[in-house]
Structure formats: C-alpha cells, structure tokens
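Some notes on the structure that comes next.
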Amino acid sequence: MHNHRTSVTQFIIEEQRKLAGATGDFTSLLNDVFTACKVISNLVNHGELVGVLGAAGSENVQGEEQKKMDIITNDIFLQTNEWAGHLAAMASEEMDDIYQIPAGNPKGKYLLTFDPLDGSSNMDVNVSVGTIFSILRCKGNCVNPTAEDFLQRGTEQVAAGYAIYGPSTMLVITTGQGVNGFTLDQNIGEFVLTHPNMTIPEETREFAINASNMRHWEAPVKRYVDECLAGKEGPRGEDFNMRWVASMVAEVHRILTRGGVFMYPLDEKMKAKGTEGKLRLMYEANPMSFIVEQAGGASTTGRIRIMDIQPSELHQRVPVVLGSKNEVERITSYHNE
Ligand code: AHG
Ligand code: MN
Ligand code: MN
C-alpha cells in the first residue's frame, strides 16, 4: 500500500476544521503564501542560470543596498497574494509604504507582512536564504487600510512562518498551536510534513552574534559572550560553540533544530545613530518571536518581550535576543540587573 504523507495543504485544512466558524479564507491565504515561497525557491535554486544574482543598484527604506532578488521576490509575493480577495493590504521590508490591493480585485480581512528574501547578501555566495511572513487581522477600515492598521503587537499575529532555501527547501509555520516543519518535495511540488511539533531545547551550548560589532556592544552582551568564551574554566563551566550565517532564517532554523541563542542586540553605534536595532519588528522580529515562543523558546529585546511591543511605525527596528529559554532569560536578566 502507498505510504501516505501529509501535505501542508492537508495539514492546514485539518487545523481549520478544529476552529469553529472558519470559512476557509485563512487556509486559502496560507496556500497562496506557500505558492509564493515555492516560486521563490525555484528561482533561488536556479541562481545565475536565470540571471538573478547581483545588486539591483537601488536602496530600500533603511538605506540598505537591494539585491536583484530582493526586488524580484518582493514582486512574486505581491503578485501571488493580491488577487484572491483574502487581504486588505500588504507591507514589506522592500517597500517604503504599504501596498494597496489593486483596483478591480476583491479585498479581504487579513494583512500580510513579509521579508521576501532574508539574508539576501548570501544569495551571491550560495549560502542559505529565506522568506519570513506574518499574518494579522485587519481590525480597522479594511476597505482603505493605512499603515496604522499594521501597527499591532506581535501577540496579535494569526500566523507566522518562514521558508528556508537551503540544501532542501523547508517551510516552518505556526498558527499559535505549536510549530510544524515541512520539506518541499520538488517532484510533486508540495511541502510535506517532515518535522511535526518542533521544539527548542531549553539548554544550549551554542550562540550566534556578529562579533565584528564587539567594540560597540553594551556591557550585558559583552558579559554574556565573555562568559561563553571563557569555556570550561569560566563561570559557565562549559565550552560554547559559535555560529554566524548572516541569514536570520538560517540561524532560527538551526536553533529550532538543535537549540542555541541568536542575538542582534542594541549597541553603542546604533544608539549614536538614533536606531533601536538592525532587525525589523514587523517583518523579522515578530514572526520569528511567534515561532520561537511556540516552540518553547523565548524572544526579547534583551530587556522586554518582543511580542509585547506596541509598534509605532511600520519599518521600526528592534534589538533581538531569541532562542533557548534559559539562555535568553540569562541575557535578559544581565540587561535588567
Ligand atoms: P535582509 O537580508 O533581509 O536585509 O536581512 C539580513 C539580516 C538578518 O537576516 C541577519 O541576521 C542580519 O541581517 C545580518 O547582519 P550582518 O550583515 O550585520 O551580519
Ligand atoms: Mn531580513
Ligand atoms: Mn530581506
């Protein structure tokens, strides 16, 4: 007999059945998002065969150089999600303003935010990249939504997920009932459930931080890393390992797989420039925090829980400390001492 495997479509339809009053709207929206990830996966896999590597010659709202693929993947997300009538509007790290659903298309009750290509500096060197997304309910005027409608706390997210384009393409999602991982079967074009109920080990001996910023770190971050680096002979009494991929998606995926802690903290250089952090609250920090917490981990700015932050602007940036609970709690306590 054929060995049945659960596709992500079957999985979310079965989840939907557990919710009273679900119309299928949300399930269809998720399906469109997954389709966009499959299209991006295909492009990422083909790389220079389809001429998508290199810089676009433009900058995003945060003054970061855009890669060709930042723009292409942003367009893919818009085109795949604008027509079906599930969304009131979209917002992305690569667009200055929110994206209105084009006239002639029906509008729906959800808002979609995304980082279409996370870690895009890794595209040209053939290292893992990903896509991060978050779904919110449109609570205000869903006919003419504004940026204000997006300014909801992370705790309000209906769903969040990421796709990672690595040795295999995977999709990791949460709708608030745990975290599940799916692997893209290229032959049938479906994400198949391969990692049910992903959880982050509480204890870890691995940390991730861009150590080139060390001279700018605040004292609590310096203390934490120093204690890790001191190894067996130090206060932790254990040797630690360090990783830095420069794709948040890859770091979070590693942490979901074998534990660890990831930090992009506030530092003195950012303070001098008047920025709060590097990573974006709406497109990176909130969706990843939702996933990490749902997997039993923790996520803070070093001082407060990320998902409790009331956003004040669409492109707001925040410091991020996430991963194995005990380590995140330790780092947060160093900040609050
Ligand atoms: P993006 O490619 O979407 O701009 O995101 C890159 C982010 C994040 O994924 C990664 O952890 C971090 O920036 C890397 O920063 P450094 O280049 O400072 O290491
Ligand atoms: Mn990113
Ligand atoms: Mn990006």
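Binning every alpha carbon pair distance of region 8-195 at 5 Å from zero, what are the percents per bin? Per 5 Å bin, starting at zero, the Cα-Cα P(r) for region 8-195 comes out as 1, 8, 17, 20, 20, 16, 11, 5, 1, 0 percent. In this Cβ point-charge picture (+1 for Lys and Arg, -1 for Asp and Glu), region 127-233 has a dipole of about 200 debye about its Cα centre. For the chain, taking a cut-off of 4.7 Å between Cβ atoms, the unpaired cysteines are 37, 228.
For region 301-316, 3J(HN,Hα) computed residue by residue from phi via the Karplus equation (6.51, -1.76, 1.60; θ = phi - 60°) reads 8, x, 10, 9, 5, 4, 5, 8, 5, 7, x, 10, 8, 4, 9, 3 Hz, glycine and proline entered as x.
Under a 5 Å amide H cut-off, with hydrogens placed 1.01 Å from N, residue 137 pairs with 111, 158 among residues at least 5 apart or on other chains. Run the reach check for residue 269 against aspartates and glutamates, Cα to Cα strictly under 19 Å, same-chain hits fewer than 8 apart removed. What comes back? Partners within reach: 64, 218. Kindly identify region 204-246 as rounded, prolate or oblate by the Cα gyration tensor criterion: order the square roots of the eigenvalues as a ≥ b ≥ c, call it rounded if a/c is under 1.5, otherwise compare a/b with b/c, prolate if a/b is larger, else oblate. Oblate shape, in that a/c is at least 1.5 and b/c is the bigger or equal ratio. Residue separation of residue 215 and residue 268 scaled by 0.36 nm, minus their Cα-Cα distance, works out to 18.2 nm of gained length.
Please report the net charge: other residues with Cβ closer than 14 Å to the Cβ of residue 231, K and R +1, D and E -1. The partial results should precede the final answer.
On the way: positive: 205, 232, 236; negative: 206, 226, 227, 233, 238, 239.
Net of charged neighbours comes to -3.
Extension gain, residue 109 to residue 316: 0.36 nm times the residue separation minus the Cα-Cα distance gives 72.2 nm. Taking the convex hull of the alpha carbon positions in the chain and averaging its projected area over all directions gives 18.8 nm². Using the Cβ-Cβ distance between residue 64 and residue 2 with R0 = 41 Å, the FRET efficiency computed as 1/(1 + (r/R0)^6) comes to roughly 0.30.
For residue 55, the shell of other residues with beta-carbons less than 12 Å away shows a net charge of -3, using +1 for Lys and Arg and -1 for Asp and Glu.
Taking a ≥ b ≥ c as the square roots of the Cα gyration tensor eigenvalues, with a/c under 1.5 meaning rounded and otherwise prolate when a/b beats b/c, else oblate, which class fits region 155-209?
oblate
From helices alone, the chain scores -8500 deg cm²/dmol at 222 nm; the rule is -39500 (n - 2.57) for each run of n ≥ 4 DSSP H residues, then divide by the residue total. When the chain is treated as a Gaussian network with alpha carbon springs shorter than 10 Å, the biggest mean-square fluctuation among 132, 76, 188 belongs to 188. Restricting region 1-87 to GluC sites (Glu not before Pro) that sit in a DSSP loop and have at most 15 other Cβ atoms within 10 Å of their own Cβ leaves 64.
For an R0 of 22 angstrom, estimate the FRET efficiency from the Cβ-Cβ distance between residue 187 and residue 39 and round to the nearest 0.05.
With R0 = 22 Å, the Cβ-Cβ based efficiency is 0.85.
Dividing the alpha-carbon radius of gyration of region 201-284 by 2.2 N^0.38 Å (N being the number of residues), what value is obtained?
That works out to 1.15 for region 201-284.
Out of the total accessible area of the chain (probe 1.4 Å, heavy atoms of protein only), what percent is carbon and sulfur? Carbon and sulfur together cover 49 percent of it.
If Rh is defined by the Kirkwood formula over all Cα pairs and Rg also comes from Cα, what ratio Rg/Rh do you get for region 50-133?
On the way: Rg = 13.6 Å, Rh = 13.5 Å.
My calculation of the ratio gives 1.01.
Applied to region 325-337, the Karplus parametrisation 6.51 cos²θ - 1.76 cosθ + 1.60 on θ = phi - 60° returns per-residue 3J(HN,Hα) values of 3, 4, 6, 4, 5, 4, 5, 5, 5, 4, 5, 8, 5 Hz, with x for Gly and Pro.
The lysine pair count for region 8-195, using Cα distances under 27 Å and pairs eight or more places apart or on different chains, is 10.
The values are calculated or read from the model by the stated rules, or taken from the named source; none is laboratory data. All figures in this text were calculated on a predicted structure; none of them were measured in a lab. Because the Cβ atoms are built from the backbone with ideal geometry, glycine has one as well, and the counts that use them run over all protein chains shown. SASA here: full protein model, heavy atoms, side chains in, ligands and nucleic acids out. Shrake-Rupley method; radii C 1.70, N 1.55, O 1.52, S 1.80 Å.
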